[in-house]
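Trainee: If you scroll down you'll find the structure; I have some questions about it.
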């Protein structure tokens, strides 16, 4: 089993979002699955369950886009690896809950490769710096990666975002994922100096491994 991987560089959010929807609506049972890896210019996105009031400090420089993924509000921007998973879940034999678990494990394994101990939090999708990690106390429990998915006709789109060297100040304008006071962090703040491309390739490898595992 293989996936068509597309490296899209820095791509406008709204046009990429529309392209994902078009791809999913037009695909058929023979369409190969695709993985898109990219960065976005600064943008806030609000999921279907989102409350616009969680953007408590709007910015004229950062637009807010309502989207059809699950989840609440988040921020995308340069220095953040975004991966969109355009997958036929029926063909892969994966249910949504299992897909979420596999994405989270790929993120945990990627961060471990760079010396960051990370974990899931029950009821709060995403990945967090482990409470028992050797990271500075102020960053233990901080969110370092987010995920949000949409499934249509058995096919997924949207995906995940990993903070590598992100503008963390932008997160202070929102209640990330709807949680007031939730701290966010990036890999650079935790001492990781590798660039986005290197980390992106590592993440891609772990995602592919998780998606082809039985």
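The values are calculated or read from the model by the stated rules, or taken from the named source; none is laboratory data. All values derive from a computational prediction rather than experimental measurement. Cβ coordinates were reconstructed from backbone atoms using ideal geometry, including for glycine residues, and neighbour counts include every protein chain displayed.
Trainee: Being modelled with pLDDT under 95 and either under 17 Å from the mean Cα position of the chain (by Cα) or outside any loop (DSSP other than H, G, I, E, B) (or both), is that true of even one residue in the range 112-121?
Mentor: Yes - at least one qualifying residue is present in the range 112-121.
Trainee: To continue, here is another question. Only one of these conditions is not met by residue 68: (1) part of a loop (DSSP other than H, G, I, E, B); (2) closer than 21 Å to residue 204 by Cα; (3) in contact with a strand residue (DSSP E or B) (Cβ under 8 Å, 6 or more places away or on another chain). Which number is it?
Mentor: The single condition residue 68 does not satisfy is (2).
Matching residues to (1) out of contact with any strand residue (DSSP E or B) (no Cβ under 6 Å at 6 or more places or on another chain); (2) closer than 27 Å to residue 174 by Cβ; (3) outside any loop (DSSP other than H, G, I, E, B):
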site	(1), (2), (3)
6	no, no, yes
15	yes, yes, yes
21	yes, yes, yes
25	yes, no, yes
31	yes, no, no
37	no, yes, yes
45	no, yes, yes
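Results for (1) within 25 Å of residue 198 (Cβ to Cβ); (2) over 17 Å from the mean Cα position of the chain (by Cα); (3) surrounded by fewer than 15 Cβ atoms within 10 Å (Cβ to Cβ), shown as yes or no for each residue.
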{"position": "31", "(1), (2), (3)": "no, yes, no"}
{"position": "35", "(1), (2), (3)": "yes, no, no"}
{"position": "38", "(1), (2), (3)": "yes, no, no"}
{"position": "41", "(1), (2), (3)": "yes, no, yes"}
{"position": "48", "(1), (2), (3)": "no, no, yes"}
{"position": "54", "(1), (2), (3)": "no, yes, no"}
{"position": "67", "(1), (2), (3)": "no, no, no"}
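Trainee: Has the range 78-87 got at least one residue that is under 13 Å from residue 171 (Cα atoms), modelled with pLDDT of 95 or more and in a strand (DSSP E or B)?
Mentor: yes
Trainee: Out of the range 173-187, which residues are more than 17 Å from the chain's Cα centre (by Cα) and modelled with pLDDT of 95 or more?
Mentor: Result: 173, single match.
Trainee: Quick one: residue 144 ticks every box in (1) modelled with pLDDT of 95 or more; (2) within 14 Å of the chain's Cα centre (by Cα); (3) not in a strand (DSSP E or B) except a single one, so which number is it?
Mentor: Every listed condition holds for residue 144 apart from (3).
Here is a yes/no grid of residues against (1) surrounded by fewer than 20 Cβ atoms within 10 Å (Cβ to Cβ); (2) in a loop (DSSP other than H, G, I, E, B); (3) within 18 Å of the chain's Cα centre (by Cα):
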position: 131; (1), (2), (3): yes, yes, no
position: 135; (1), (2), (3): no, yes, no
position: 138; (1), (2), (3): yes, no, no
position: 151; (1), (2), (3): yes, no, yes
position: 162; (1), (2), (3): no, no, yes
position: 191; (1), (2), (3): yes, yes, no
position: 200; (1), (2), (3): no, no, yes
position: 203; (1), (2), (3): no, no, yes
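Trainee: Restricting attention to the range 166-181, which residues are surrounded by fewer than 18 Cβ atoms within 10 Å (Cβ to Cβ) and part of a helix (DSSP H, G or I)?
Mentor: Correct list: 169 only.
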